[in-house]
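A short write-up of the structure that comes next.
The values are calculated or read from the model by the stated rules, or taken from the named source; none is laboratory data. Just so we're clear, the structure is a prediction, and the values are computed from it rather than from any experiment. Virtual Cβ from ideal backbone geometry, glycine too; neighbours counted across all protein chains shown.
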Amino acid sequence: MTSSVVFKSFTALRHSSIEHPKLIHPHTTPNTLFPYRRFRITASKSSPKLQNRNLRVAVIGGGPAGGAAAETLAKGGIETYIIERKMDNCKPCGGAIPLCMVGEFDLPLDIIDRRVTKMKMISPSNVAVDIGKTLKPHEYIGMVRREVLDAYLRERASENGAKVINGLFLKMDIPTRGNENIKTPYVLHYTEYDGKKGGTGEKKTLEVDAVIGADGANSRVAKSIDAGDYEYAIAFQERIKIPNDKMVYYEDLAEMYVGDDVSPDFYGWVFPKCDHVAVGTGTVTHKGDIKKFQAATRNRARDKILGGKIIRVEAHPIPEHPRPRRVLGRVALVGDAAGYVTKCSGEGIYFAAKSGRMCAEAIVEGSENGKKMVDESDLRKYLEKWDKTYWPTYKVLDVLQKVFYRSNPAREAFVEMCADEYVQKMTFDSYLYKKVAPGNPLEDLKLAVNTIGSLVRASALRREMEKLSV
Ligand SMILES: Cc1cc2nc3c(=O)[nH]c(=O)nc-3n(C[C@H](O)[C@H](O)[C@H](O)COP(=O)(O)OP(=O)(O)OC[C@H]3O[C@@H](n4cnc5c(N)ncnc54)[C@H](O)[C@@H]3O)c2cc1C
(Lines give C-alpha, C1' and ligand atoms only; values in the text may rest on other atoms or scores of the structure.)
Protein backbone atom coordinates (compact mmCIF):
# COMPACT_ATOMS: atom_id res chain seq x y z
CA MET A 1 0.00 0.00 0.00
CA THR A 2 2.68 2.47 1.09
CA SER A 3 4.86 1.58 -1.85
CA SER A 4 2.02 2.08 -4.32
CA VAL A 5 1.40 5.56 -2.89
CA VAL A 6 5.09 6.37 -3.15
CA PHE A 7 5.16 4.94 -6.65
CA LYS A 8 2.22 7.10 -7.76
CA SER A 9 3.77 10.30 -6.50
CA PHE A 10 7.08 9.24 -8.06
CA THR A 11 5.54 8.77 -11.51
CA ALA A 12 3.61 12.01 -11.20
CA LEU A 13 6.84 13.89 -10.57
CA ARG A 14 8.53 12.60 -13.67
CA HIS A 15 7.00 15.25 -15.87
CA SER A 16 9.02 18.05 -14.39
CA SER A 17 12.56 18.81 -15.55
CA ILE A 18 13.93 17.13 -12.41
CA GLU A 19 12.91 13.51 -12.36
CA HIS A 20 14.02 12.54 -8.87
CA PRO A 21 13.64 15.48 -6.52
CA LYS A 22 13.90 13.15 -3.52
CA LEU A 23 17.04 11.55 -4.81
CA ILE A 24 19.07 14.68 -5.25
CA HIS A 25 22.38 14.57 -3.45
CA PRO A 26 21.75 15.32 0.23
CA HIS A 27 23.98 18.38 0.17
CA THR A 28 22.21 20.05 -2.71
CA THR A 29 18.71 21.27 -3.37
CA PRO A 30 16.80 21.37 -6.64
CA ASN A 31 17.10 25.14 -6.71
CA THR A 32 20.85 25.30 -6.25
CA LEU A 33 21.39 22.49 -8.71
CA PHE A 34 19.08 23.86 -11.35
CA PRO A 35 18.78 27.60 -10.95
CA TYR A 36 16.54 27.96 -13.97
CA ARG A 37 12.80 27.45 -13.83
CA ARG A 38 10.96 24.20 -14.21
CA PHE A 39 9.21 23.75 -17.51
CA ARG A 40 6.44 21.63 -18.88
CA ILE A 41 6.96 19.25 -21.73
CA THR A 42 4.95 19.82 -24.84
CA ALA A 43 3.85 16.95 -27.04
CA SER A 44 5.77 16.06 -30.18
CA LYS A 45 2.82 16.05 -32.56
CA SER A 46 4.32 18.79 -34.71
CA SER A 47 7.82 17.29 -35.08
CA PRO A 48 8.82 17.91 -38.70
CA LYS A 49 9.58 15.24 -41.27
CA LEU A 50 13.24 15.15 -42.20
CA GLN A 51 14.13 15.98 -45.79
CA ASN A 52 16.65 13.88 -47.72
CA ARG A 53 18.25 12.37 -44.65
CA ASN A 54 17.50 10.23 -41.61
CA LEU A 55 17.65 11.21 -37.95
CA ARG A 56 21.26 11.39 -36.66
CA VAL A 57 21.96 10.14 -33.15
CA ALA A 58 25.31 9.93 -31.33
CA VAL A 59 25.83 7.45 -28.53
CA ILE A 60 28.67 8.49 -26.23
CA GLY A 61 30.36 5.47 -24.63
CA GLY A 62 30.65 1.94 -25.91
CA GLY A 63 29.97 -0.13 -22.80
CA PRO A 64 26.87 -2.37 -22.51
CA ALA A 65 24.54 0.65 -22.44
CA GLY A 66 26.12 2.27 -25.50
CA GLY A 67 26.53 -0.94 -27.51
CA ALA A 68 22.91 -1.98 -26.96
CA ALA A 69 21.59 1.52 -27.72
CA ALA A 70 23.61 1.85 -30.93
CA GLU A 71 22.53 -1.56 -32.22
CA THR A 72 18.84 -0.76 -31.70
CA LEU A 73 19.15 2.68 -33.29
CA ALA A 74 20.99 1.37 -36.34
CA LYS A 75 18.50 -1.46 -36.82
CA GLY A 76 15.69 1.09 -36.54
CA GLY A 77 16.86 3.20 -39.47
CA ILE A 78 18.72 5.91 -37.52
CA GLU A 79 22.05 7.30 -38.73
CA THR A 80 24.00 6.15 -35.70
CA TYR A 81 27.41 7.13 -34.31
CA ILE A 82 29.06 5.57 -31.30
CA ILE A 83 32.03 7.36 -29.74
CA GLU A 84 34.21 5.19 -27.47
CA ARG A 85 37.48 6.47 -26.05
CA LYS A 86 39.15 3.08 -25.57
CA MET A 87 38.31 0.20 -27.87
CA ASP A 88 39.96 -2.41 -25.61
CA ASN A 89 38.50 -0.88 -22.44
CA CYS A 90 38.54 -3.36 -19.61
CA LYS A 91 35.90 -1.87 -17.32
CA PRO A 92 36.54 -2.70 -13.64
CA CYS A 93 33.67 -5.09 -13.02
CA GLY A 94 32.77 -8.43 -11.45
CA GLY A 95 31.17 -9.36 -14.76
CA ALA A 96 28.20 -11.30 -13.34
CA ILE A 97 25.16 -11.22 -15.64
CA PRO A 98 21.69 -12.72 -15.20
CA LEU A 99 20.52 -15.58 -17.40
CA CYS A 100 17.80 -13.47 -19.02
CA MET A 101 20.44 -11.15 -20.48
CA VAL A 102 21.90 -14.02 -22.50
CA GLY A 103 18.53 -14.66 -24.12
CA GLU A 104 17.25 -11.11 -24.40
CA PHE A 105 20.47 -9.83 -25.95
CA ASP A 106 21.14 -12.98 -27.91
CA LEU A 107 24.64 -13.38 -26.48
CA PRO A 108 26.73 -16.23 -27.89
CA LEU A 109 27.70 -18.72 -25.22
CA ASP A 110 31.39 -18.53 -26.07
CA ILE A 111 31.66 -15.01 -24.64
CA ILE A 112 30.61 -16.33 -21.24
CA ASP A 113 33.66 -17.45 -19.27
CA ARG A 114 31.87 -19.39 -16.55
CA ARG A 115 28.40 -20.56 -15.71
CA VAL A 116 27.98 -20.23 -11.99
CA THR A 117 25.44 -22.59 -10.46
CA LYS A 118 26.64 -22.50 -6.86
CA MET A 119 26.94 -19.45 -4.67
CA LYS A 120 28.29 -19.40 -1.12
CA MET A 121 27.03 -16.64 1.13
CA ILE A 122 29.51 -16.25 3.99
CA SER A 123 28.57 -14.52 7.25
CA PRO A 124 30.75 -12.31 9.48
CA SER A 125 31.53 -15.34 11.65
CA ASN A 126 32.35 -17.36 8.50
CA VAL A 127 29.18 -19.45 8.48
CA ALA A 128 28.83 -20.44 4.82
CA VAL A 129 25.42 -21.09 3.32
CA ASP A 130 25.15 -22.74 -0.09
CA ILE A 131 22.66 -21.08 -2.32
CA GLY A 132 21.70 -22.23 -5.78
CA LYS A 133 20.15 -25.53 -4.73
CA THR A 134 16.87 -24.52 -6.34
CA LEU A 135 18.36 -23.76 -9.76
CA LYS A 136 17.03 -25.81 -12.67
CA PRO A 137 19.61 -27.68 -14.80
CA HIS A 138 19.71 -24.98 -17.51
CA GLU A 139 19.91 -22.04 -15.09
CA TYR A 140 23.12 -20.19 -14.21
CA ILE A 141 24.69 -16.80 -13.54
CA GLY A 142 26.95 -15.84 -16.43
CA MET A 143 30.48 -14.57 -15.75
CA VAL A 144 31.96 -12.43 -18.49
CA ARG A 145 35.08 -10.36 -19.01
CA ARG A 146 33.96 -6.87 -19.84
CA GLU A 147 36.55 -6.34 -22.55
CA VAL A 148 34.94 -9.31 -24.34
CA LEU A 149 31.27 -8.43 -23.77
CA ASP A 150 31.63 -4.73 -24.59
CA ALA A 151 33.64 -5.37 -27.76
CA TYR A 152 31.07 -7.93 -28.89
CA LEU A 153 28.10 -5.57 -28.43
CA ARG A 154 29.91 -2.71 -30.19
CA GLU A 155 30.87 -4.98 -33.06
CA ARG A 156 27.29 -6.08 -33.48
CA ALA A 157 26.12 -2.46 -33.53
CA SER A 158 28.69 -1.78 -36.23
CA GLU A 159 27.54 -4.78 -38.29
CA ASN A 160 24.04 -3.32 -38.17
CA GLY A 161 25.22 -0.01 -39.55
CA ALA A 162 26.41 2.10 -36.59
CA LYS A 163 29.59 4.07 -37.28
CA VAL A 164 32.03 3.38 -34.46
CA ILE A 165 34.43 6.24 -33.72
CA ASN A 166 37.45 5.70 -31.50
CA GLY A 167 37.36 9.07 -29.78
CA LEU A 168 37.17 10.96 -26.51
CA PHE A 169 34.02 13.03 -26.21
CA LEU A 170 34.95 16.45 -24.79
CA LYS A 171 31.83 18.62 -24.77
CA MET A 172 28.82 19.61 -26.80
CA ASP A 173 27.18 22.81 -27.95
CA ILE A 174 23.56 22.60 -26.90
CA PRO A 175 20.94 24.46 -28.93
CA THR A 176 19.46 27.26 -26.85
CA ARG A 177 15.87 26.72 -25.80
CA GLY A 178 14.70 29.47 -28.14
CA ASN A 179 16.09 27.55 -31.07
CA GLU A 180 14.50 24.27 -29.97
CA ASN A 181 11.66 24.59 -32.48
CA ILE A 182 13.89 24.85 -35.50
CA LYS A 183 15.80 21.78 -34.37
CA THR A 184 19.30 23.17 -34.36
CA PRO A 185 21.77 20.28 -34.19
CA TYR A 186 23.89 19.40 -31.17
CA VAL A 187 27.55 19.88 -32.03
CA LEU A 188 29.80 17.31 -30.39
CA HIS A 189 33.47 18.07 -29.84
CA TYR A 190 35.75 15.06 -29.57
CA THR A 191 39.29 13.89 -30.10
CA GLU A 192 39.54 11.10 -32.63
CA TYR A 193 42.33 8.54 -32.31
CA ASP A 194 43.77 6.65 -35.22
CA GLY A 195 44.75 3.65 -33.13
CA LYS A 196 48.47 4.47 -33.10
CA LYS A 197 50.00 4.16 -29.64
CA GLY A 198 50.96 7.47 -28.07
CA GLY A 199 49.07 9.47 -30.69
CA THR A 200 47.41 12.60 -29.32
CA GLY A 201 44.51 12.35 -31.74
CA GLU A 202 42.76 14.92 -33.86
CA LYS A 203 40.12 17.38 -32.65
CA LYS A 204 36.85 16.96 -34.56
CA THR A 205 33.19 17.95 -34.40
CA LEU A 206 30.02 16.07 -35.28
CA GLU A 207 26.49 17.44 -35.76
CA VAL A 208 23.63 15.26 -34.58
CA ASP A 209 19.92 15.59 -33.78
CA ALA A 210 19.97 13.68 -30.50
CA VAL A 211 22.51 12.32 -28.02
CA ILE A 212 22.49 9.26 -25.75
CA GLY A 213 24.91 9.58 -22.83
CA ALA A 214 26.18 6.06 -22.14
CA ASP A 215 29.54 7.22 -20.85
CA GLY A 216 29.43 5.65 -17.42
CA ALA A 217 29.64 6.93 -13.87
CA ASN A 218 31.87 9.95 -14.65
CA SER A 219 29.64 10.96 -17.55
CA ARG A 220 30.61 14.14 -19.40
CA VAL A 221 27.24 14.09 -21.15
CA ALA A 222 25.56 14.26 -17.71
CA LYS A 223 27.70 17.28 -16.86
CA SER A 224 26.80 18.91 -20.19
CA ILE A 225 23.10 18.85 -19.28
CA ASP A 226 23.58 19.70 -15.58
CA ALA A 227 22.10 16.34 -14.65
CA GLY A 228 23.17 16.67 -11.02
CA ASP A 229 25.21 14.35 -8.85
CA TYR A 230 24.49 11.05 -7.26
CA GLU A 231 25.89 9.39 -4.20
CA TYR A 232 28.28 6.65 -5.22
CA ALA A 233 30.14 3.65 -3.86
CA ILE A 234 33.76 3.06 -4.63
CA ALA A 235 34.40 -0.52 -5.70
CA PHE A 236 37.84 -2.10 -5.67
CA GLN A 237 38.80 -5.33 -7.39
CA GLU A 238 41.89 -7.48 -7.86
CA ARG A 239 42.11 -10.09 -10.56
CA ILE A 240 44.09 -12.95 -9.08
CA LYS A 241 45.54 -15.85 -11.04
CA ILE A 242 45.37 -18.82 -8.73
CA PRO A 243 46.92 -22.28 -9.17
CA ASN A 244 44.91 -24.63 -11.40
CA ASP A 245 44.04 -26.98 -8.54
CA LYS A 246 42.56 -24.00 -6.62
CA MET A 247 40.67 -22.86 -9.70
CA VAL A 248 38.80 -26.20 -9.73
CA TYR A 249 36.97 -25.09 -6.57
CA TYR A 250 35.74 -21.94 -8.33
CA GLU A 251 34.89 -23.72 -11.56
CA ASP A 252 31.16 -23.02 -11.24
CA LEU A 253 31.09 -21.34 -7.85
CA ALA A 254 31.09 -17.74 -6.63
CA GLU A 255 31.40 -16.41 -3.10
CA MET A 256 29.91 -13.41 -1.33
CA TYR A 257 31.32 -12.29 2.03
CA VAL A 258 29.48 -9.98 4.41
CA GLY A 259 30.81 -8.36 7.58
CA ASP A 260 32.14 -5.09 8.98
CA ASP A 261 35.63 -6.24 8.05
CA VAL A 262 34.92 -6.58 4.29
CA SER A 263 32.55 -3.60 4.02
CA PRO A 264 30.35 -1.55 6.35
CA ASP A 265 27.59 -1.31 3.73
CA PHE A 266 28.24 -3.69 0.84
CA TYR A 267 29.72 -7.16 0.34
CA GLY A 268 33.00 -8.68 -0.72
CA TRP A 269 33.07 -11.14 -3.62
CA VAL A 270 35.13 -13.82 -5.32
CA PHE A 271 33.86 -14.33 -8.87
CA PRO A 272 35.44 -16.87 -11.25
CA LYS A 273 36.69 -15.77 -14.68
CA CYS A 274 38.25 -17.77 -17.53
CA ASP A 275 41.63 -18.40 -15.88
CA HIS A 276 41.54 -16.27 -12.73
CA VAL A 277 39.24 -15.03 -9.99
CA ALA A 278 38.06 -11.46 -9.40
CA VAL A 279 38.20 -10.54 -5.72
CA GLY A 280 36.61 -7.26 -4.69
CA THR A 281 34.54 -5.14 -2.36
CA GLY A 282 32.85 -1.73 -2.22
CA THR A 283 31.61 0.96 0.13
CA VAL A 284 29.70 4.21 0.08
CA THR A 285 30.25 5.30 3.65
CA HIS A 286 33.97 4.62 4.26
CA LYS A 287 35.63 5.18 0.89
CA GLY A 288 38.98 6.05 2.47
CA ASP A 289 39.18 2.55 3.99
CA ILE A 290 38.55 0.64 0.76
CA LYS A 291 42.04 -0.94 0.67
CA LYS A 292 41.58 -2.17 4.23
CA PHE A 293 38.28 -3.80 3.24
CA GLN A 294 39.91 -5.34 0.18
CA ALA A 295 42.68 -6.82 2.32
CA ALA A 296 40.03 -8.28 4.64
CA THR A 297 38.14 -9.83 1.70
CA ARG A 298 41.35 -11.40 0.42
CA ASN A 299 42.08 -12.57 3.94
CA ARG A 300 38.70 -14.25 4.32
CA ALA A 301 39.24 -16.20 1.10
CA ARG A 302 42.94 -16.78 1.81
CA ASP A 303 42.97 -20.59 1.94
CA LYS A 304 41.15 -20.83 -1.38
CA ILE A 305 43.33 -18.34 -3.24
CA LEU A 306 46.64 -19.30 -1.64
CA GLY A 307 49.57 -19.07 -4.07
CA GLY A 308 47.63 -16.64 -6.26
CA LYS A 309 49.28 -13.81 -8.17
CA ILE A 310 47.55 -10.44 -8.55
CA ILE A 311 47.47 -9.69 -12.28
CA ARG A 312 45.36 -6.55 -12.24
CA VAL A 313 44.16 -4.00 -9.68
CA GLU A 314 41.16 -1.81 -10.55
CA ALA A 315 38.69 0.57 -8.92
CA HIS A 316 35.70 2.56 -10.13
CA PRO A 317 32.65 4.41 -8.77
CA ILE A 318 29.27 2.66 -8.69
CA PRO A 319 26.22 4.97 -8.69
CA GLU A 320 23.85 4.59 -5.79
CA HIS A 321 20.70 6.02 -7.34
CA PRO A 322 19.49 7.75 -10.51
CA ARG A 323 20.63 11.28 -11.26
CA PRO A 324 18.12 14.05 -10.53
CA ARG A 325 17.83 14.65 -14.27
CA ARG A 326 18.12 11.98 -16.97
CA VAL A 327 16.62 13.70 -20.00
CA LEU A 328 16.94 17.26 -21.24
CA GLY A 329 15.90 18.37 -24.70
CA ARG A 330 17.13 15.72 -27.12
CA VAL A 331 19.74 14.30 -24.73
CA ALA A 332 19.10 11.21 -22.60
CA LEU A 333 21.28 9.37 -20.10
CA VAL A 334 21.35 5.58 -19.81
CA GLY A 335 23.22 2.94 -17.77
CA ASP A 336 25.67 4.17 -15.12
CA ALA A 337 25.53 7.67 -16.60
CA ALA A 338 21.87 7.74 -15.51
CA GLY A 339 22.59 5.89 -12.26
CA TYR A 340 20.95 2.50 -12.83
CA VAL A 341 22.84 0.18 -10.47
CA THR A 342 20.84 -1.71 -7.86
CA LYS A 343 21.77 -1.33 -4.25
CA CYS A 344 22.48 -4.45 -2.21
CA SER A 345 23.70 -6.40 -5.26
CA GLY A 346 25.60 -3.64 -7.10
CA GLU A 347 24.30 -5.00 -10.38
CA GLY A 348 24.40 -2.70 -13.40
CA ILE A 349 25.37 -4.53 -16.63
CA TYR A 350 21.91 -5.80 -17.51
CA PHE A 351 20.26 -2.51 -16.51
CA ALA A 352 22.77 -0.60 -18.63
CA ALA A 353 22.09 -2.68 -21.74
CA LYS A 354 18.37 -2.67 -21.11
CA SER A 355 18.14 1.10 -20.58
CA GLY A 356 20.27 1.71 -23.68
CA ARG A 357 17.92 -0.44 -25.71
CA MET A 358 14.78 1.10 -24.21
CA CYS A 359 15.97 4.65 -24.87
CA ALA A 360 16.90 3.77 -28.46
CA GLU A 361 13.51 2.13 -29.00
CA ALA A 362 11.78 5.32 -27.86
CA ILE A 363 13.84 7.33 -30.39
CA VAL A 364 13.17 4.86 -33.21
CA GLU A 365 9.47 4.93 -32.44
CA GLY A 366 9.24 8.72 -31.98
CA SER A 367 11.13 9.35 -35.21
CA GLU A 368 9.12 6.78 -37.17
CA ASN A 369 12.28 4.88 -38.04
CA GLY A 370 14.44 7.93 -38.51
CA LYS A 371 12.11 9.84 -40.82
CA LYS A 372 10.97 12.49 -38.32
CA MET A 373 12.71 14.79 -35.84
CA VAL A 374 12.28 13.82 -32.18
CA ASP A 375 11.83 16.02 -29.15
CA GLU A 376 12.03 15.75 -25.39
CA SER A 377 8.62 14.13 -25.04
CA ASP A 378 9.80 11.21 -27.22
CA LEU A 379 12.83 10.65 -25.00
CA ARG A 380 10.72 10.90 -21.89
CA LYS A 381 8.70 7.89 -23.02
CA TYR A 382 11.80 5.84 -22.28
CA LEU A 383 11.94 7.25 -18.73
CA GLU A 384 8.27 6.49 -18.14
CA LYS A 385 8.67 2.90 -19.25
CA TRP A 386 11.91 2.47 -17.32
CA ASP A 387 10.58 3.80 -14.05
CA LYS A 388 7.38 1.81 -14.31
CA THR A 389 9.26 -1.42 -15.01
CA TYR A 390 12.18 -1.18 -12.60
CA TRP A 391 11.47 1.30 -9.85
CA PRO A 392 9.98 -1.40 -7.54
CA THR A 393 13.09 -3.59 -8.01
CA TYR A 394 15.39 -0.74 -7.00
CA LYS A 395 13.22 0.10 -4.02
CA VAL A 396 13.10 -3.50 -2.72
CA LEU A 397 16.89 -3.88 -2.96
CA ASP A 398 17.36 -0.51 -1.28
CA VAL A 399 15.24 -1.65 1.66
CA LEU A 400 17.02 -5.02 1.84
CA GLN A 401 20.37 -3.27 2.03
CA LYS A 402 19.16 -0.98 4.81
CA VAL A 403 17.77 -3.88 6.83
CA PHE A 404 20.44 -6.51 6.36
CA TYR A 405 23.75 -4.74 5.77
CA ARG A 406 23.60 -2.46 8.79
CA SER A 407 25.44 -4.54 11.43
CA ASN A 408 27.16 -7.87 11.84
CA PRO A 409 24.24 -9.43 13.76
CA ALA A 410 21.84 -8.35 10.97
CA ARG A 411 24.22 -9.87 8.41
CA GLU A 412 24.31 -13.14 10.38
CA ALA A 413 20.49 -13.10 10.23
CA PHE A 414 20.64 -12.42 6.50
CA VAL A 415 22.92 -15.38 5.85
CA GLU A 416 20.76 -17.58 8.08
CA MET A 417 17.73 -16.54 6.03
CA CYS A 418 19.55 -17.43 2.80
CA ALA A 419 19.59 -21.08 3.86
CA ASP A 420 15.84 -21.19 3.29
CA GLU A 421 15.08 -22.81 -0.09
CA TYR A 422 12.07 -20.59 -0.63
CA VAL A 423 14.21 -17.48 -0.14
CA GLN A 424 16.76 -18.90 -2.58
CA LYS A 425 14.16 -19.61 -5.20
CA MET A 426 12.58 -16.16 -4.92
CA THR A 427 15.98 -14.45 -4.96
CA PHE A 428 17.34 -16.41 -7.91
CA ASP A 429 14.13 -16.11 -9.93
CA SER A 430 14.12 -12.34 -9.42
CA TYR A 431 17.81 -12.04 -10.25
CA LEU A 432 17.96 -14.40 -13.23
CA TYR A 433 14.78 -13.22 -14.91
CA LYS A 434 14.43 -9.65 -13.63
CA LYS A 435 10.84 -10.25 -12.73
CA VAL A 436 9.47 -10.29 -9.24
CA ALA A 437 8.56 -13.97 -8.90
CA PRO A 438 4.95 -14.62 -7.83
CA GLY A 439 5.06 -15.80 -4.23
CA ASN A 440 3.31 -18.60 -2.41
CA PRO A 441 1.16 -17.00 0.34
CA LEU A 442 1.88 -19.71 2.92
CA GLU A 443 5.62 -19.66 2.20
CA ASP A 444 5.56 -15.83 2.25
CA LEU A 445 4.01 -15.93 5.71
CA LYS A 446 6.59 -18.47 6.93
CA LEU A 447 9.33 -16.31 5.46
CA ALA A 448 7.99 -13.19 7.20
CA VAL A 449 7.88 -15.01 10.54
CA ASN A 450 11.38 -16.44 10.03
CA THR A 451 12.77 -13.08 8.95
CA ILE A 452 11.30 -11.33 11.94
CA GLY A 453 12.68 -14.16 14.12
CA SER A 454 16.14 -13.74 12.60
CA LEU A 455 16.04 -9.97 13.00
CA VAL A 456 14.82 -10.16 16.59
CA ARG A 457 17.70 -12.57 17.33
CA ALA A 458 20.04 -10.17 15.54
CA SER A 459 18.82 -7.19 17.58
CA ALA A 460 19.09 -9.14 20.81
CA LEU A 461 22.59 -10.21 19.86
CA ARG A 462 23.56 -6.65 19.00
CA ARG A 463 22.25 -5.37 22.34
CA GLU A 464 24.33 -8.00 24.12
CA MET A 465 27.39 -7.04 22.12
CA GLU A 466 26.84 -3.34 22.85
CA LYS A 467 26.66 -4.15 26.58
CA LEU A 468 29.94 -6.04 26.31
CA SER A 469 31.65 -3.14 24.58
CA VAL A 470 30.56 -0.53 27.21
C1 LIG B 1 34.38 -3.22 -9.27
C2 LIG B 1 33.01 -3.31 -9.88
C3 LIG B 1 32.36 -4.54 -9.95
C4 LIG B 1 31.11 -4.64 -10.58
N5 LIG B 1 30.54 -5.87 -10.71
C6 LIG B 1 29.37 -6.00 -11.39
C7 LIG B 1 28.83 -7.29 -11.64
O8 LIG B 1 29.41 -8.32 -11.29
N9 LIG B 1 27.65 -7.36 -12.32
C10 LIG B 1 26.98 -6.25 -12.75
O11 LIG B 1 25.91 -6.37 -13.35
N12 LIG B 1 27.49 -5.01 -12.53
C13 LIG B 1 28.67 -4.86 -11.89
N14 LIG B 1 29.21 -3.61 -11.72
C15 LIG B 1 28.50 -2.45 -12.30
C16 LIG B 1 28.75 -2.38 -13.82
O17 LIG B 1 30.13 -2.43 -14.07
C18 LIG B 1 28.17 -1.11 -14.43
O19 LIG B 1 26.86 -0.92 -13.96
C20 LIG B 1 28.15 -1.18 -15.96
O21 LIG B 1 29.46 -1.23 -16.47
C22 LIG B 1 27.45 0.04 -16.57
O23 LIG B 1 27.56 0.00 -17.98
P24 LIG B 1 27.54 1.35 -18.84
O25 LIG B 1 27.60 0.93 -20.26
O26 LIG B 1 26.45 2.21 -18.37
O27 LIG B 1 28.88 2.12 -18.43
P28 LIG B 1 30.40 1.65 -18.56
O29 LIG B 1 30.50 0.19 -18.52
O30 LIG B 1 31.15 2.44 -17.53
O31 LIG B 1 30.81 2.12 -20.03
C32 LIG B 1 31.03 3.47 -20.31
C33 LIG B 1 31.88 3.50 -21.56
O34 LIG B 1 32.02 4.87 -21.95
C35 LIG B 1 33.35 5.13 -22.30
N36 LIG B 1 33.56 6.56 -22.04
C37 LIG B 1 33.53 7.20 -20.86
N38 LIG B 1 33.75 8.51 -21.02
C39 LIG B 1 33.92 8.69 -22.34
C40 LIG B 1 34.17 9.85 -23.14
N41 LIG B 1 34.30 11.07 -22.60
N42 LIG B 1 34.30 9.69 -24.48
C43 LIG B 1 34.17 8.45 -25.06
N44 LIG B 1 33.94 7.34 -24.36
C45 LIG B 1 33.80 7.46 -23.01
C46 LIG B 1 34.18 4.21 -21.40
O47 LIG B 1 35.45 3.96 -21.94
C48 LIG B 1 33.29 2.97 -21.35
O49 LIG B 1 33.60 2.05 -22.36
C50 LIG B 1 30.46 -3.47 -11.09
C51 LIG B 1 31.10 -2.24 -10.98
C52 LIG B 1 32.36 -2.15 -10.40
C53 LIG B 1 33.03 -0.80 -10.34
Exercise for the section: Run R302 past the list (1) more than 13 Å from the ligand (Cβ to nearest atom); (2) in contact with a Ser or Thr (Cβ under 7 Å, 6 or more places away or on another chain) and report the number of the one that doesn't hold. Expected result: (2)
Problem - Residue check for A96: of a type in the set (A, V, I, L, M, F, W, C), crowded, with 18+ Cβ neighbours inside 10 Å and within 30 Å of V423 (Cα to Cα) - result: yes
Handout entry: Some residue of region 377-384 being outside the structural domain of V116 (by TED's automatic domain parsing), modelled with pLDDT under 85 and more than 24 Å from T134 (Cα to Cα)
Key = no
Completion exercise
When restricted to D260, D289, D275, the only residue in contact with a helix residue (DSSP H, G or I) (Cβ under 6 Å, 6 or more places away or on another chain) and surrounded by fewer than 16 Cβ atoms within 10 Å (Cβ to Cβ) is D260
Exercise for the section: Can you confirm whether region 76-86 contains a residue that is assigned by TED's automatic domain parsing to the domain that holds R357 and of a type in the set (G, A, S)? Expected result: yes
Completion exercise
When region 205-220 is checked residue by residue, the ones that are more than 13 Å from the ligand (Cβ to nearest atom) and of a type in the set (G, A, S) are A210
Problem - Meets criteria (on the phi < 0 side of the Ramachandran plot, in contact (Cβ under 8 Å) with a residue 40 or more places away in the chain and within 13 Å of the ligand (Cβ to nearest atom)) for K309 - result: no
Practice task
May I ask you to verify whether V57 is outside the structural domain of G161 (by TED's automatic domain parsing) and more than 11 Å from the ligand (Cβ to nearest atom)?
Solution key: no
Completion exercise
Looking across region 156-165 at residues that are assigned to a helix (DSSP H, G or I) and in contact with a helix residue (DSSP H, G or I) (Cβ under 6 Å, 6 or more places away or on another chain), the single one that is surrounded by the most Cβ atoms within 10 Å (Cβ to Cβ) is A157
Problem - Selection count, region 284-299, where residues are within 15 Å of the ligand (Cβ to nearest atom) and either in a helix (DSSP H, G or I) or under 15 Å from N408 (Cβ atoms) (or both) - result: 7
Practice task
Specify the residue that is surrounded by the most Cβ atoms within 10 Å (Cβ to Cβ); the eligible residues are those in region 166-209 that are within 27 Å of D226 (Cα to Cα) and modelled with pLDDT under 80.
Solution key: K183
Exercise for the section: Working only within region 221-237, note down all residues that are near the ligand (Cβ under 10 Å from one of its atoms) and either assigned by TED's automatic domain parsing to the domain that holds I310 or closer than 23 Å to T283 by Cα (or both). Expected result: Y232, A233, I234, A235, F236, Q237
Practice task
Kindly indicate which of Y152, Y140 is among the aromatic types (F, W, Y) and either over 24 Å from G76 (Cβ atoms) or modelled with pLDDT under 95 (or both).
Solution key: Y140
Practice task
Could you list, in sequence order, all residues of region 324-342 that are in a loop (DSSP other than H, G, I, E, B) and either without any contact (Cβ under 8 Å) to a residue 40 or more places away in the chain or within 12 Å of the ligand (Cβ to nearest atom) (or both)?
Solution key: V334, G339, Y340, V341, T342
Fill in the blank from the handout: By residue number, the members of region 131-155 that are more than 11 Å from G95 (Cβ to Cβ), out of contact with any Lys or Arg (no Cβ under 6 Å at 6 or more places or on another chain) and either basic (K, R) or not in a helix (DSSP H, G or I) (or both) are I131, K133, L135, K136, P137, H138, E139, R154
Handout entry: Meets criteria (closer than 22 Å to I141 by Cα, in a helix (DSSP H, G or I) and within 16 Å of the ligand (Cβ to nearest atom)) for T281
Key = no
Exercise for the section: Go through region 114-130 and give me each residue that's crowded, with 19+ Cβ neighbours inside 10 Å, under 26 Å from the mean Cα position of the chain (by Cα) and assigned to a loop (DSSP other than H, G, I, E, B). Expected result: S123
Problem - Residues that are within 6 Å of the ligand (Cβ to nearest atom) and out of contact with any strand residue (DSSP E or B) (no Cβ under 9 Å at 6 or more places or on another chain), drawn from region 65-89 - result: N89
